Each structure stands twice: as C-alpha cells, then as structure tokens.
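**Student:** First the structure, then my questions, so here it is.
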Amino acid sequence: MNVLTDTVDGVGIVSFNRPARHNAIDDELGREWRDAVGHALEDDAVRCLLLCGEGASFCSGRDTAQLGQRAGGESDVEFVSRAQEIRVAMLESSKPVVAAVQGYALGGGFETALGADMRIAADDAVFGLPEVHYGLVADTGGTQLLTPLVGPAKAKYLLMTGDRIDAAQALAWGIVDWVVPASELRAAAFTLAGKLAAAPADSVGFAKQLVDQAWAGSIRNGMRQEVLAQTALFAAARTRRSPGRQLD
C-alpha cells in the first residue's frame, strides 16, 4: 500500500508510504493519496486530518521517472487540474489539517504541506520547489499558498531558484509553525491534531473559514493560472526536446 490510513480519537492520519523513494508521487501513489484524503475529509469520525510521511522523508514530490507522462491520453490541463482537486478540497474543508514534515518536502510534497492549516517540522526537514530546474513551475497551489506566508520576494526566490531551505530557515520565514527533534515529530503532531479534534467542530470550522476568507478568492484564481502556466511550459518543453527524448 502506497498510503496508510488510521483514525485515532478523532484524528484521521493519512501517510505517504513509499519510503524507498522518499515518498515520491507516482501515478499510483497520487491516486491512492487523493482517495484517502478525500475519504478522511468526508468521514464524520475524522475531526482533524494529520498528514505524514513514512520513512526518512515527508514527500519528495513528483516521481521524476514519470514527469511529463500522461496515462490514457489525459491532457496536461486535465492532469494538473485533477492534481489540484485534493488541495482545493483541503482548503475548502471545515476540518483543520496538520502536516508533520520530516526529511524532504519538495515540489508537490512541499505544496501538500502548504495546503495544511498548520505545519510542524522535524529539525531535519528540507523544503524546496525544484520545478524551475525542469523548466516548470509549482502547480498545485505552491505559488499561491507560499506567498501569504513569506511575502512576494521570498516566494519568488524559492520558486525562481529552486533552492532548498532547512527547518530553521522555514521556521524563521513562517513556512512552518513549530520545529521539534525528529524523534518527537509524530507524537508532537498527534498532540496538536488531538487538541484540534477535541475542540468544538463548528467553532473550529468557522475559525478556519473566517481566517482563510482574507485570501481564499485570490488563491483559487491563482491556482487556475497555475494550470495555464504549467500547460504552456509542458508544451514548450516538448517542442524543445529532440525526437525520442523523454522529459526528465
């Protein structure tokens, strides 16, 4: 199983489970992840969602072995739009979402963490958006979710250079909210999620929605623009490459 799920005391735990590849997202994992998160968001027994990664890393992003590939004749627009659906569902859900991040949180993994309401990181966490190195751009909310946290200049820096930052820098910039020793991450994240799950659900849901309304509309619009930008970049990459060469 590429995704593990559990529900404990109102906390729905959904974990990437492809540790040998630092939880890189291939088509199968991506499908299982969307199904698991979607189910947790709809499950009445789940009052808070906790996102985790098994092994050394949270999630290292799209598996580059499948980068640019589209199964079943799916278009780039369809592929990116579908990838965005679960991020939008997390943002629009009244349930709080916590991300527990260790090791690599790169590309789509970083964007997954950004889609959470709160982020707690291990002291070994590393964050980055390497899409620029592939002639691409973040496309599941990264450009929109990062900017309110760090401001436009730092967001542009991470997006335009593809540089990585460590947990201490991420804390200083406001990307994560707490940093703990790696050995304590899961317990600390579950304690936080448990507090949220134990609070009155209606109050928690309204609080989330009231805070998020400040930028909700602009985030949705910006994510639509991400689809258009990424589609254009994939098309340009296919035009540039020589016959028979795979986008990698």
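Any read-out appearing in this document is the output of simple, stated calculations on the displayed coordinates, not a laboratory observation. If you're wondering where the values come from, they're calculated on a predicted model, not measured in any experiment. A quick note on method: Cβ atoms are made from the backbone with ideal geometry, for glycine too, and the neighbour counts reach across all protein chains shown.
**Student:** Looking at the stretch 162-171 only, could you name the residues that are over 28 Å from residue 204 (Cβ atoms) and assigned to a helix (DSSP H, G or I)?
**Tutor:** 168, 169, listed by residue number.
**Student:** In the set 121, 99, 71, which member is touching a residue at least 24 places away in the same chain (Cβ under 8 Å), more than 19 Å from residue 3 (Cα to Cα) and in contact with a strand residue (DSSP E or B) (Cβ under 6 Å, 6 or more places away or on another chain)?
**Tutor:** Values: 99 fails: more than 19 Å from residue 3 (Cα to Cα); 71 fails: in contact with a strand residue (DSSP E or B) (Cβ under 6 Å, 6 or more places away or on another chain).
Every option except 121 fails the conditions.
**Student:** Which one is nearest to residue 41 (Cα to Cα) among residues in the stretch 65-109 that are among the polar types (S, T, N, Q) and either surrounded by 15 or more Cβ atoms within 10 Å (Cβ to Cβ) or under 15 Å from the mean Cα position of the chain (by Cα) (or both)?
**Tutor:** The extreme case among them is 93.
**Student:** Looking at (1) among the hydrophobic types (A, V, I, L, M, F, W, C); (2) surrounded by 14 or more Cβ atoms within 10 Å (Cβ to Cβ); (3) within 30 Å of residue 74 (Cβ to Cβ), find the lone condition where residue 235 falls short.
**Tutor:** (2)
**Student:** Another one. Specify which of the listed residues (228, 192, 196, 185) is assigned to a helix (DSSP H, G or I), closer than 22 Å to residue 142 by Cβ, under 22 Å from the mean Cα position of the chain (by Cα) and not aromatic (Phe, Trp, Tyr).
**Tutor:** 228 is the lone residue from the list that is assigned to a helix (DSSP H, G or I), closer than 22 Å to residue 142 by Cβ, under 22 Å from the mean Cα position of the chain (by Cα) and not aromatic (Phe, Trp, Tyr).
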